[in-house]
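What follows is a single structure, written as structure tokens, with notes after it.
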Amino acid sequence: MVEVSFIMISAFFSFFLGIGSYIMYPICRQDTIIAMLFGVIITYPFFRIAKYVIKKNKYEDIFELNKNIKGIGIFLNILLFIGLFVISLFLLYNISDFLNIEYFSESSVQFTKFLILIPLWYVLSKDLKTILKMNQVMAIVCVGILFIDFIGIAHKIDLSNAQPVMATDIKDFSKALLYLAGLNGAGVLMCALVGRKSISDNGSKIDKILNLFYIIANIMQIVIIASVILTQGINYVLLFRFPEYIALKQFSFLNMAERLENVLALQFYFNSISILSFLLHYIVKLLPKSNKIKIYPIFVLLVMYFLTCFIFKDTSYFTLYIQKYIVLLCYITIILPFFIDYIILHKKVNKNS
């Protein structure tokens, strides 16, 4: 269960940097910090759904559960497949755009995407257990690095950068919270893709582990956003596509000579590869079975590559789609199917009790 819970941390990190933060900063400005605190509360109902589905789903994963639901089950799997696939497209372009901006400015983003597909192809040749273990190791390293980052920049914090407090219009603030709930809600529900059959822990232990990781994932998000805004100021933050990285690379840790500009980059890259591998594992698994199953991973990766080239012609297209569609996509294709599964499982449990 611990390995599955680390998926929450990777999803929170990858869904937010360059995507959620890009939506939140212009709307809430310095009040983004307060919005993140509210986010812990408004995302909690989705967290409860995830816990319940994990504990009551006796199958290997959510897709096997849906196959055993007459009528609507196929529809739920189609929605989830669309959601996971399109979110994977967003994540692939997002990490490619990041690497292209910060490291490969002389190369095209298409070339950067191709380089990312190579480790993804290798990881997809492994089973789910290996993917979860890899994600666990990467997430532990990233959380540790984040803690070091915060210590290194804590002395730069200026509380005046958080003022004026609650200057955001209540309508805009509520809108931002809906965006945040959609992205973080989808991130939380990623854990519930894995069924009880794949988990050895008992019910009480599942609760404790998931509660702990929900707290860690939210603290991680709040620390990153608060650190960036309080050290740089919102006007500076809004100048950049990835302000978290831009802000971090200006600092050194405990006056050491080496700069930390690659630290957040490593966190972002590792988490993106981890969550992409996890999502693509289930995308490949949902494809029709045949004797040529081994060609599917490369087939899926190539389709993703060409679709991102066609849909996201450049960064302006990508940011437009982020602002208009990704949160709606999370609600319709991820949160809605899990909510229906929750209702069906709840009725089944009540009927049997």
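The values are calculated or read from the model by the stated rules, or taken from the named source; none is laboratory data. Keep in mind the model is a prediction, meaning the values are calculated, not measured. In this analysis, Cβ positions are derived from the backbone assuming ideal geometry, glycine residues included, and neighbour counts consider all displayed protein chains.
Quick look at the values:
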{"quantity": "Residue within segment 19-41 that is surrounded by fewer than 18 Cβ atoms within 10 Å (Cβ to Cβ), out of contact with any Gly (no Cβ under 8 Å at 6 or more places or on another chain) and farther than 29 Å from LEU266 by Cα present", "calculated": "yes"}
{"quantity": "Selected residue (criterion: surrounded by the fewest Cβ atoms within 10 Å (Cβ to Cβ)) from residues of segment 111-145 that are among the hydrophobic types (A, V, I, L, M, F, W, C) and free of Cβ contacts under 8 Å to residues at least 24 places away in the same chain", "calculated": "ILE118"}
{"quantity": "Checklist (1) more than 15 Å from the chain's Cα centre (by Cα); (2) more than 30 Å from LEU159 (Cβ to Cβ) applied to GLN30, failing item", "calculated": "(2)"}
{"quantity": "Residue in segment 303-326 that is closer than 21 Å to ASN77 by Cα, more than 19 Å from the chain's Cα centre (by Cα) and either modelled with pLDDT under 90 or of a type outside the set (Gly, Ala, Ser) (or both) present", "calculated": "yes"}
{"quantity": "Identity of the residue in segment 54-110, part of a loop (DSSP other than H, G, I, E, B) and touching a Lys or Arg at 6+ places or on another chain (Cβ under 9 Å), that ends up surrounded by the fewest Cβ atoms within 10 Å (Cβ to Cβ)", "calculated": "LYS58"}
{"quantity": "Condition met for ILE82 (at pLDDT below 90 and of a type in the set (Val, Ile, Thr))", "calculated": "no"}
{"quantity": "Hits in segment 161-198 - residues which are crowded, with 22+ Cβ neighbours inside 10 Å and of a type in the set (Val, Ile, Thr)", "calculated": "VAL188, VAL194"}
{"quantity": "Those residues of segment 1-18 which are of a type outside the set (Val, Ile, Thr) and crowded, with 22+ Cβ neighbours inside 10 Å, in sequence order", "calculated": "SER5, PHE6, MET8, SER10, ALA11, PHE12, PHE13, SER14, PHE15, PHE16, LEU17, GLY18"}
{"quantity": "Test for LYS175: is it over 20 Å from LEU17 (Cα atoms) and either not hydrophobic (A, V, I, L, M, F, W, C) or not in a helix (DSSP H, G or I) (or both)", "calculated": "no"}
